[in-house]
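Structure first, commentary second.
The values are calculated or read from the model by the stated rules, or taken from the named source; none is laboratory data. Predicted, not measured: the structure shown is a model, and the values here were computed from it. When we count neighbours, we look across all protein chains shown, and the Cβ atoms used for this are built from the backbone with ideal geometry, even at glycine. Accessible surface areas use protein heavy atoms only, side chains included; no ligands, DNA or RNA. Shrake-Rupley method; radii C 1.70, N 1.55, O 1.52, S 1.80 Å.
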Amino acid sequence: MLSPALSPALSAAALPQHTPLVAATRDGVVESIHYGSAIALDADGTTVTAAGDPLAPFYPRSSLKPLQAVAMVRAGLELPADLLALAAASHSGGAQHRQGALRILELHGLSVSDFENSRDLPYGPAEQEEWLRNGGRSTQLTQNCSGKHAAMVATCTINGWPVKGYLDPSHPLQRLVAATVTELTGDEPLALSTDGCGTPLYALTLPGMARAFGAIARAAADSSGGNDDGGPAPLGAEAAVGLAMQQHPDMVAGEGRDVTELMRLLPGAVAKDGFEGVQLVGLADGRSAAVKISDGGDRARMPATIRLLEALGVDTATLAGLGTAPVLGGGQHVGLLQATDFLTHTFPSAPVNEAP
């Protein structure tokens, strides 16, 4: 692999054809523009609306975690709902998150020494400030993916797989994850890389990820029907993960985080963000939305997502606080961060309900 210093320059033709999704204005002048791609799918996987280059491969980053959690449940992982939500989380690093990861380990006779993820401070600003004030340092437990890693080593133990090396793409756990991701998205991964925490990461498409989230949310909704005898229906893996995230959105992210707030305000939704400007939302009837912000700007994820939900016919009145943000000057509101009219830029008809 070429080092960054030796990599050839990318030609413009090789770049995704993103479009303006979100803009910040200051006293009537456009100050910043976030380009990106977006897609909203109906329950049957057909495109409702799209913008930019939604078929361009991208790395879903942490939005992949619910799919990884589905794979682990299929492999026999059984956890209380709050801990299963943590397995799909990019948590803020609060006490409940750290203690939750430790609970997963203790249930399976494991310890933090079995982790192979990177070290980091808590992700949430308030949680990080408290941690540092009490003399904390970067650890594997406080890293925002520690719930997922606790679930991964637990899954290895349940199946008699080696714990050491569990992040290697050839490990049985990661082979299962790869197969599950391919099944749920309908995409054959177009590239393999490594996420920030060290987990294998696959290049997929926005419609593929949207399909997966729609399937998880719909499975959660369908599971409420019960058995013919009136008893509760046994949960499939997709339903178990979706319900856990819905029931414990504070474990999926944390207080003050937009993903936690969205799931609280939009019953039946399953939502997950990812670094570099990624946002996924699945709805109870199987509709879904996916956003990738090209510059990785985190602030642009949610305004673009709320605009997609509007296109799906969702009443977003309660989500207004997530769809815009004030631009300040001297402590006063002098502008606004908001989605553009990107829905007028329709994506030409393409078989987005099939793997590219």
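Filter region 184-201 for residues that are assigned to a strand (DSSP E or B) and either in contact with a helix residue (DSSP H, G or I) (Cβ under 6 Å, 6 or more places away or on another chain) or open to solvent by 40 Å² or more (accessible area, probe 1.4 Å) (or both) and give the result. Residues satisfying the conditions are Leu192, Ser193, Thr194, Pro200.
Among the residues of region 164-181, those identified as in contact (Cβ under 8 Å) with a residue 40 or more places away in the chain, open to solvent by 10 Å² or more (accessible area, probe 1.4 Å) and part of a helix (DSSP H, G or I) are Leu176, Ala179. Condition first: modelled with pLDDT of 95 or more, part of a helix (DSSP H, G or I) and under 30 Å from Pro57 (Cβ atoms). Can you find one or more residues in region 133-141 that meet it? The answer is no, given that none of the residues of region 133-141 is modelled with pLDDT of 95 or more, part of a helix (DSSP H, G or I) and under 30 Å from Pro57 (Cβ atoms). Test Ser92 against the criterion of being in contact with a helix residue (DSSP H, G or I) (Cβ under 8 Å, 6 or more places away or on another chain) and buried (at least 24 other Cβ atoms within 10 Å of the Cβ), and give yes or no. The answer is yes for Ser92.
If you go through region 143-163 one residue at a time, do you hit one that is assigned to a helix (DSSP H, G or I), without any contact (Cβ under 8 Å) to a residue 24 or more places away in the chain, under 26 Å from Leu280 (Cα atoms) and not aliphatic (A, V, I, L, M)? No, region 143-163 contains no residue that is assigned to a helix (DSSP H, G or I), without any contact (Cβ under 8 Å) to a residue 24 or more places away in the chain, under 26 Å from Leu280 (Cα atoms) and not aliphatic (A, V, I, L, M). Listed by first and then second residue, the pairs with beta-carbon distance under 9 Å, at least 6 apart or on different chains, first residue in region 241-266 and in contact (Cβ under 8 Å) with a residue 24 or more places away in the chain, second basic (Lys, Arg) and in a loop (DSSP other than H, G, I, E, B), are Pro249/Arg257; Asp250/Arg257.
Considering Ala210, Ala220, which residue is more than 30 Å from Thr157 (Cβ to Cβ), touching a strand residue (DSSP E or B) at 6+ places or on another chain (Cβ under 8 Å), touching a residue at least 60 places away in the same chain (Cβ under 8 Å) and of a type in the set (A, V, I, L, M, F, W, C)? From the options Ala210, Ala220, the qualifying one is Ala210.
Scanning region 126-142 for residues that are open to solvent by 30 Å² or more (accessible area, probe 1.4 Å) and free of Cβ contacts under 8 Å to residues at least 40 places away in the same chain gives Gln128, Glu129, Glu130, Trp131, Leu132, Arg133, Asn134, Gly135, Arg137, Ser138.
For Phe115, the conditions (1) touching a strand residue (DSSP E or B) at 6+ places or on another chain (Cβ under 8 Å); (2) open to solvent by less than 30 Å² (accessible area, probe 1.4 Å); (3) of a type outside the set (A, V, I, L, M) all hold with the exception of (1). Within region 41-89, the set of residues being surrounded by fewer than 24 Cβ atoms within 10 Å (Cβ to Cβ) and either on the phi > 0 side of the Ramachandran plot or of a type in the set (Gly, Ala, Ser) (or both) comprises Ala43, Gly45, Ala56, Arg61, Ala75, Gly76, Ala81. Taking Ala239, is it buried (at least 17 other Cβ atoms within 10 Å of the Cβ), within 30 Å of Ala40 (Cα to Cα) and among the small types (Gly, Ala, Ser)? In short, yes.
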